[in-house]
Amino acid sequence: MSKTAAVVLAFLSLMLFATASRAQLLPSGNVYVGAAYGDNVDVINRYTFRGWNASFEDFPLSRYTHWSIVVDATGQYRLGVQQYTAQLGPRLSFNYGKWRPFVHIMAGGQRNTSDGFTRYPISEDAGGGVDRKFQFLFLHHFAWRLEFDYMRTHLLSATQNDYRGSTGLVWRF
């Protein structure tokens, strides 16, 4: 075997192994970014919020393709009030053709700033939604999501109930 053929063969082998190991390093999952509308109900008042919602979903267990881990972040705003929430939890989903319904439960924390005071309550979330895959030429890695959540926050003895709806774009990789 000539030196040139050996070098070409070694280069091609390294390229093929690098592609296979890169595929293993990049997990399957998705990234979601969308607009959110929230309804906040405490003991006395009811407030509406507008904002954003983003999440990252990873499928760490190759044997259980319906289970994933989700990291979710939300920012909701109204005059004089800002709420930021970060949560983590499992998600169960199934694929039916172009549709992918899912349910999840998550827990985390919230940063609530109003009237010059900042509070950090604990939050729990239960919700679900559906993704609709696009079938266009270059958009086959994208989907549209519609999601609804019930979120409950606790701070000392105060409990607050939040309802959130969001919609936006999902990039699947």
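Laboratory data are not the source of any read-out in this text; all were calculated from the coordinates shown. Just so it is clear, the structure is predicted and the values come from calculations on it, not from any experiment. We place every Cβ from the backbone using ideal geometry, glycine too, and count neighbours over all the protein chains shown.
Each residue in region 49-66 was checked for being in contact (Cβ under 8 Å) with a residue 12 or more places away in the chain, farther than 17 Å from residue 128 by Cα and either of a type in the set (S, T, N, Q) or part of a strand (DSSP E or B) (or both), and 3 pass. Residue pairs whose Cβ atoms lie under 8 Å apart, sitting 6 or more positions apart in sequence or on different chains, and linking a residue in region 91-120 that is farther than 27 Å from residue 160 by Cα to a partner that is polar (S, T, N, Q), are 93/68; 98/135; 100/93; 101/93. Residues that are surrounded by 13 or more Cβ atoms within 10 Å (Cβ to Cβ) and assigned to a strand (DSSP E or B) within region 112-126 comprise 112, 113, 114, 119, 123, 124, 125, 126, listed in sequence order. Can you tell me which residue is surrounded by the most Cβ atoms within 10 Å (Cβ to Cβ) among those in region 151-172 that are without any contact (Cβ under 8 Å) to a residue 60 or more places away in the chain and either outside any strand (DSSP E or B) or in contact with a Leu (Cβ under 6 Å, 6 or more places away or on another chain) (or both)? Restricting to residues being without any contact (Cβ under 8 Å) to a residue 60 or more places away in the chain and either outside any strand (DSSP E or B) or in contact with a Leu (Cβ under 6 Å, 6 or more places away or on another chain) (or both), the top hit is 156.
Residue by residue, here is whether (1) more than 29 Å from residue 157 (Cβ to Cβ); (2) of a type in the set (A, V, I, L, M, F, W, C) holds:
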residue	(1), (2)
32	yes, no
66	yes, no
72	no, no
83	no, no
86	no, yes
115	no, no
134	yes, yes
144	yes, yes
